[in-house]
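Comments concern the structure below.
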Amino acid sequence: MDDNLRDSMRRYYDERAAEYEEAFLQGTGTASITDPGVFRREAAVLAGIVERCANGRLIDLACGTGFWYPHYAPRCSAITLVDRSPRMLDECRKKIAALDALSRTELVLADVLDHPFRPGLFDTVLVGFLISHLDDAEEERLFARMRDLLDRGGRFLILDSAWSPERARFNAKAERQRRQLKDGRSFEIYKRYLDRQDVFEWTARHGATTSIEHFGAAFIAVSGQWGS
């Protein structure tokens, strides 16, 4: 991915922090499916999967506003939130304060692909809506990073955008998109939607055993691990 596109994406998500959760809560924002209820319903399904699958020592890679934080924090002994957007982390701080969980939560301002984390520290790696913005080489680095972060027997949970007939009415499976904020400013991003074949190929490409927890019109949830 070229540097200009990567920088546009970085600036877009930093500027969008205050609006980011509207797609989950209201079915608005960058939604590319006309029925807003699809996003709200599937976000609720994903929240239930997070509650069931995320526990122990958890790291949330590209955590954004920490939208999933209230759904996993009660079951986690230690939490690390990582994002390269200062404004996204500011939104996270509000949720941490609301749950009085500062003593067991660390915030890291960094690119998840580059930051020098210590290996084997986590029981759960959560990756929400990041892979759909990565090219193949970056995906390879992310899976290697997840494997390195997990302790023996640890699991990952990936939440992302699904490729579906509903989505295909408005988008290509992989494309450069123009995204607009409420104030009219627009940014170009790279987006690729995930289908079942993409998930199956993760085993061949990255050696991970995976299980599709949800595949809907808007979102997909996949859990997995390496070894036992």
### Query
Where does the chain land at 222 nm, in deg cm²/dmol rounded to the nearest 500, when only DSSP H runs of n ≥ 4 count, each adding -39500 (n - 2.57), divided by all residues?
-10500 deg cm²/dmol
#### Entry: Alpha-carbon centroid distance for the pair the range 163-209 / the range 35-56, whole angstrom
18
### Summary
Taking placed amide H atoms and a strict 5 Å upper bound, the residues 5 or more places from Thr80 or on another chain that come that close are Leu58, Ile59, Asp60, Glu106
### Message
Take Asp90 and Ala78, extend 7 Å from each Cα along the Cα→Cβ direction, and tell me the distance between the two endpoints in nm.
### Response
3.0
### Task
Work out, step by step, the length gained on full extension between Arg40 and Ala172: first 0.36 nm times the residue separation, then minus their alpha carbon distance; give nm to one decimal.
45.3 nm
### Task
For the chain, go through all pairs of different Cα atoms, get the mean of 1/r, take its inverse, and jot down that Kirkwood value in Å.
17.7
### Task
Kindly work out what percent of the DSSP beta bridges joining two residues of the chain are antiparallel, to the nearest 5.
45
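No lab work stands behind these numbers, since they all come straight from the coordinates. In this text the structure is predicted, and so the values were computed from the model without any measurement. Note: ideal-geometry Cβ built from the backbone for every residue, glycine included; neighbour counts use all protein chains shown.
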